[in-house]
Each structure stands twice: as structure tokens, then as C-alpha cells.
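So the structure is just underneath, and the comments pick up after that.
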Amino acid sequence: MTQSSSANATASWFGHPRPLSRLFTIEMWERFGFYGMRALLMLYLTKHFVLGDHASAGIYGGYTALVYLTPLIGGLVADQYLGSKRSVRFGSLLMAAGYFTLAFGGQPSQAWAEFDGTRHDITITHFRDRPTSAADEQRVVIDHGQPLVIKGREDGSIDLIAADGHVARQLPKGALNEGSDKSPTMIAVLLLALSTIAVGNGFFKPNISTMVGALYAQGDKRRDAGFTIFYMGINLGSIIGQIACPILADLVGWWAGFSAAGAMMLVSWVLVTFDGGRLAGFGETPASALADGKSDRALLIYAATILSIPLFFVLFSNLMHATEPAPGSGIIGYLTSLPMMGKLLTGAFALGVPAILIWSWRNGSRVEFQMMLAAMVLITFNTVFWSLFEQAGSSLTLFADRNTDRSVFGLFTLSAPQVQNFNSISIVTLAPVMGALWAWMARRNIEPSIPVKFSLGLIGVGAGFLLLVLGARFAGPDAQVGLGWIVGLYVIHSVAELCISPVGLSMITKLSIARIVGLMMGVWFLSMAMGEYVAGMVAQIATVNTVAGQVTNLKLSLDTYVSVFTRIGIAAMIVGVILLVLARPLRRLMHGVT
């Protein structure tokens with residue numbers, strides 16, 4: 001370590017190495033962009049592009065999966081060639097470019113309804129092409145010169161209601177088909193933007209966390225607390241982004257919300273590029289790469305990365321046109337019907353995890369192998385957690401938009417994207433408390449082991465869903481659930497998240513064999529990618545029929561969400577209890593790592 005980095009490591013920032021403050025800020029503004037954009041994405045797909053719940057959930061799940069899959073490569077490239085710092089800089093620029101590209105959405109898709117063999121354009125009264133719909137917005141079709149409001153019944157039939165309130169037409173179930181005319185060019189721009197963001201994130205995300213881990217020597221008990229503080233920066237950026245981006249999108253347009261995300265990503269790039277020596281000695285180009293001349297390949301890596309973006313575009317296109325497996329085809333039929341992205345993720349996880357364990361067994365000591373085995377088991381359970389927790393950006397956002405009374409004590413009403421902020425607010429509020437709690441328990445040797453913390457996280461995510469299910473029992477005749485119930489879900493989920501996510505990042509740096517810690521950080525994000533992809537599939541189960549992006553029967557919508565949330569809530573708690581039973585043998589494999 002250089003003299004400069006040695007001084008940086010010994011200087012204190014709230015009892016931690018001073019460079020943590022710089023990394024905290026860099027990550028905060030990057031998360032502003034990521035979560036600000038994420039808050040808008042599902043509504044952008046369902047309202048602006050009118051893709052429908054099923055397709056939108058698939059794209060959302062695919063995007064978030066790629067966001068966590070690409071770090072597998074980004075971590076490896078940083079370990080072997082670029083170093084963490086250059087990787088973070090490159091990723092920042094790619095992500096900024098993706099956000100700015102996303103701002104070019106074009107005109108909204110034209111929705112239509114077809115019945116009696118005739119296609120009718122759907123007009124939205126008082127329409128604003130923005131995240132928050134006006135309270136008096138209605139979807140109407142013109143039938144023989146008469147504007148008719150579309151309203152669904154519980155049996156699947158459709159009422160077409162005239163201006164005076166009487167039912168002018170009643171269509172039997174299946175008699176009305178709805179869709180939209182979309183611009184292929186604008187869809188291509190959308191998918192290109194998502195691909196660029198996902199690739200850039202692969203270089204940024206694992207390597208900023210690796211730099212945080214490098215601030216602490218092995219055995220430093222401040223490491224968990226340091227990652228918890230770092231995680232608080234993530235959620236502080238999330239809060240600001242999820243407030244600012246939806247407001248800009250509402251007041252100005254979708255493009256303003258996405259452009260703000262891009263601007264803050266450039267701020268992160270500036271902070272890591274012009275660091276004034278604050279990050280000297282951390283995340284530098286690996287010595288082995290310099291010795292072998294591999295650092296000369298940096299420009300080649302940058303060019304190859306940019307040229308790879310169309311491959312991700314192909315994955316998204318394939319995802320949009322995926323077909324359902326044939327009835328009765330079994331597990332083989334299910335796997336063969338998966339889109340390319342599903343096959344890629346399943347294959348990478350099923351082959352990558354055993355391959356790394358085999359390498360660890362052959363190249364590491366017995367203790368190192370056992371520690372890696374424990375890490376892989378926890379990584380697998382991590383997949384289950386994120387597949388349920390990450391309903392926040394998809395099914396829970398649509399639930400907030402459709403079946404939640406978002407009024408705050410009658411003073412003002414939150415938009416659906418802003419409801420996600422209760423997760424981030426809870427994290428920022430509770431992270432210092434949890435960090436202090438872990439430190440207090442560690443001093444008394446009563447801190448729960450990492451497997452126990454993971455099991456508590458899984459039980460907690462299930463409890464959050466079941467709380468919302470309970471709240472649905474008190475929904476009014478308008479099928480709206482009080483805001484407090486979904487706030488309660490996010491508070492419980494935040495505690496669960498703090499039991500897994502920052503602890504997991506720290507766990508990887510403690511249990512991994514030192515020379516592949518970047519790769520293992522990538523595997524951690526690969527498990528999250530699997531969880532995100534499955535989260536999209538779970539959200540597709542919660543699909544609700546809509547017309548031009550609006551639910552036609554809120555009671556049916558509420559019943560659908562309650563059914564899905566009940567099942568996944570119970571499943572999460574069962575998996576959490578199973579891990580709790582396994583906690584003791586896993587702890588033995590960890591050889592004292594806590």
C-alpha cells in the first residue's frame with residue numbers, strides 16, 4: 001500500500017477509514033439515478049408504452065436481472081485487468097448514457113379496444129402522459145358516435161357505460177380484445193437504453209463494494225458496521241431519487257425524470273475521477289496485470305463492452321416475445337420454453353456455483369473450501385429473498401397505483417413511485433440502529449451468526465406480505481387499502497433487508513478466497529440476478545387485466561394481489577425457518593467468521 005493510501009486508511013471518519021465518506025457519496029448519487037429510474041420504469045412501461053402487466057413485468061424482471069448478472073463479468077475484469085477504480089469510472093459513463101437514452105420515449109402508444117369485429121381507439125379523458133394519473137381520468141371508446149366508459153365485471157364480462165351512467169352495452173367474457181399501436185423505433189430505443197444501463201452497472205456495482213471492503217484489514221470488527229453505513233448511503237440516494245425523479249416526470253415529463261438520473265450518474269463519475277488523492281491506493285490496477293502487460297488491454301475491453309450492448313438488446317427482444325410452455329409439458333417443457341435470458345441465468349448459476357467450489361477445493365485449503373461452501377449456501381438462500389423482496393418495483397408499485405389510498409392524513413397524496421420511498425426512509429432511519437445493535441451484541445459475544453441473520457431476513461420478508469394481506473381485509477368498497485398497511489410492509493422489509501444485504505456484502509469479503517474476491521462479489525450479484533428474474537415471473541402471476549394501462553375492476557385487482565401475496569408470504573417464512581435449522585452446521589463451516 002502506498003504512503004498516501006496508508007494515510008487515507010488511518011484517517012478517521014466517524015470511527016472508520018476516511019475514504020469511506022467518498023465511496024459513500026459516489027454510491028449515493030449512483031443510487032439516486034438507479035432508484036429514481038426504477039421508481040418510474042414499471043409505470044412507464046404500462047402507461048406510456050401500454051405494454052400490459054404481463055409483458056411489463058417480464059421486461060422489468062429481465063432488466064433488474066441483468067443489472068445483477070453483469071457484475072459477474074465486471075468483477076472478473078476488474079480483478080484481472082482494470083482494477084476497481086477504472087471499472088467504476090467506465091460503468092458510470094455507460095449508465096449515464098443509458099439514462100439519457102431512456103429519456104427519448106417518443107409519443108405514447110395509442111391504445112385500442114376491438115369488439116363486434118371493429119377496432120375502436122381508446123381516448124383517455126384529462127390525459128397526462130406522466131406517472132401520476134388525474135383522479136378524473138377515464139378510458140372511453142367511441143361506439144356509433146357515443147363515448148363509452150369501459151368497466152369490467154367480476155365474471156370477466158365488460159360493461160360499456162354511457163355518459164349518463166346507464167350500461168349502453170354489455171360484452172360477454174372474451175368479446176373485447178385490447179392492445180396498442182406502438183412505435184417499433186421507440187421500443188428499440190427503450191431496450192437499447194436498458195441494455196446500456198445494465199452493462200454499465202456490471203462495471204460499477206461489484207467494484208464500488210470491493211473498494212469498501214479493501215478499507216478494512218482481515219479481522220477488523222468495524223467491517224459490518226462500515227458496510228451498514230455504506231448501505232445507508234445507498235438508501236439516502238434512493239430517497240432523494242425517488243422523490244425528485246417522479247416529481248420531475250409529473251411536472252415536466254418522463255424525459256425530465258430520466259435525465260435527472262443521468263445527470264446524477266455523471267456526478268458519481270466526477271467524484272471518482274477527480275478524487276484529489278482521497279482514493280489513492282484503493283482499487284488500483286492489479287499488480288499482476290501491470291506485470292503481464294494486461295493493462296494495455298483497457299481500450300480493447302472498453303470497445304468490446306460497447307459492442308456487446310446489442311447482444312443484451314437481443315436478450316430483451318427475445319424476452320418480449322417469449323411463449324408460455326405447453327400444458328402438461330413438465331419441468332423439461334418449462335425449461336425449454338424459457339427465453340434466452342432465463343436459460344442464461346439458470347445455466348450460469350447452475351454451472352458457475354459448482355465450478356467455483358471445485359476450483360476452491362483444488363486450489364484452496366480445507367478451511368478455505370469449507371468457508372466457500374458456506375458462502376455458496378447463503379448465496380443460494382439470498383436468491384429466494386430477492387425474488388420476493390423485489391416485488392417493490394413491479395407488483396407492489398402497481399398495487400400502490402391501483403389499490404392503495406395514498407392520501408397522507410388528507411393533507412396531500414403521494415404518487416405510486418414515491419410510495420417505494422418508505423423502504424429507503426426506513427433503511428436510513430434503521431441502518432444506524434441496526435449497525436449499533438450488531439456492534440453492541442458483538443462486544444458481548446451474543447451477535448447472531450450470519451446464517452441466523454439471513455433466516456431472519458427471509459422470515460421478515462414473508463411477514464411483510466402477510467401484513468399487507470391482513471390490511472386488505474379492511475379495504476373499503478372502493479377496494480383501496482390504507483397507506484399505513486403498505487408502509488408497514490416496507491418497514492418490515494427494510495429490517496429484513498438490513499439482515500441480509502449489507503451483511504451479505506461483508507460476508508463475501510470475509511469468506512471468499514482473497515484472490516477471487518471480485519469474482520465472488522460477482523457471484524453474489526448473480527444470485528440477486530436469479531432472484532430478480534424470478535421476481536419478474538412472480539409479478540407476472542399477479543397480472544391484472546387492464547385497458548390502456550388502467551384496471552377495469554379494482555375488486556378483481558385486489559383479490560389477485562391478495563392471493564399472490566399470501567402464497568409468497570407463507571413460502572418465505574417456511575424457507576426462513578429451514579435456514580434457521582441449518583444455521584448451526586453452516587456456522588461450523590465458517591470457522592469463526594461472524
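The values are calculated or read from the model by the stated rules, or taken from the named source; none is laboratory data. Source: prediction; values computed, not measured. In this analysis, Cβ positions are derived from the backbone assuming ideal geometry, glycine residues included, and neighbour counts consider all displayed protein chains.
Among the helices (runs of 4 or more DSSP H) confined to segment 344-424, the ones with at least 3 residues that are touching a His at 6+ places or on another chain (Cβ under 9 Å) and in the same structural domain as LEU76 (by TED's automatic domain parsing) are located at 366-389. Looking only at segment 183-225, residues that are in contact with a Ser or Thr (Cβ under 7 Å, 6 or more places away or on another chain), more than 21 Å from LEU307 (Cβ to Cβ) and either among the aromatic types (Phe, Trp, Tyr) or not assigned by TED's automatic domain parsing to the domain that holds ALA97 (or both) come to 0 in all.
Only one of the numbered conditions (1) free of Cβ contacts under 8 Å to residues at least 60 places away in the same chain; (2) out of contact with any Pro (no Cβ under 7 Å at 6 or more places or on another chain); (3) not in a strand (DSSP E or B) is violated by ALA168, and that is (3). Count of segment 396-421 residues, restricted to those that are buried (at least 23 other Cβ atoms within 10 Å of the Cβ) and of a type in the set (Phe, Trp, Tyr), is 1. Does segment 210-224 contain at least one residue that is touching a residue at least 24 places away in the same chain (Cβ under 8 Å), under 23 Å from ILE425 (Cα atoms) and among the small types (Gly, Ala, Ser)? No, the conditions are met nowhere in segment 210-224. In this entry, THR543 passes the filter for residues that are of a type outside the set (A, V, I, L, M) and either under 30 Å from GLU154 (Cα atoms) or not in a helix (DSSP H, G or I) (or both).
Among the residues of segment 108-164, those identified as more than 20 Å from LYS182 (Cα to Cα), of a type in the set (D, E, K, R) and assigned to a loop (DSSP other than H, G, I, E, B) are ASP116, ASP136, GLU137, ARG153, GLU154, ASP155, ASP164. Just a yes or no: is a residue in segment 185-192 closer than 30 Å to SER84 by Cβ and buried (at least 18 other Cβ atoms within 10 Å of the Cβ)? The answer is yes; a qualifying residue exists.
Within segment 171-181, identify whether any single residue is buried (at least 16 other Cβ atoms within 10 Å of the Cβ), outside the structural domain of THR546 (by TED's automatic domain parsing), within 17 Å of VAL547 (Cβ to Cβ) and free of Cβ contacts under 8 Å to residues at least 60 places away in the same chain, and answer yes or no. Checked against the condition, which is being buried (at least 16 other Cβ atoms within 10 Å of the Cβ), outside the structural domain of THR546 (by TED's automatic domain parsing), within 17 Å of VAL547 (Cβ to Cβ) and free of Cβ contacts under 8 Å to residues at least 60 places away in the same chain, segment 171-181 yields at least one hit.
All conditions but one from (1) of a type outside the set (D, E, K, R); (2) modelled with pLDDT of 90 or more; (3) over 30 Å from GLY15 (Cα atoms) apply to ALA289; the one that does not is (2).
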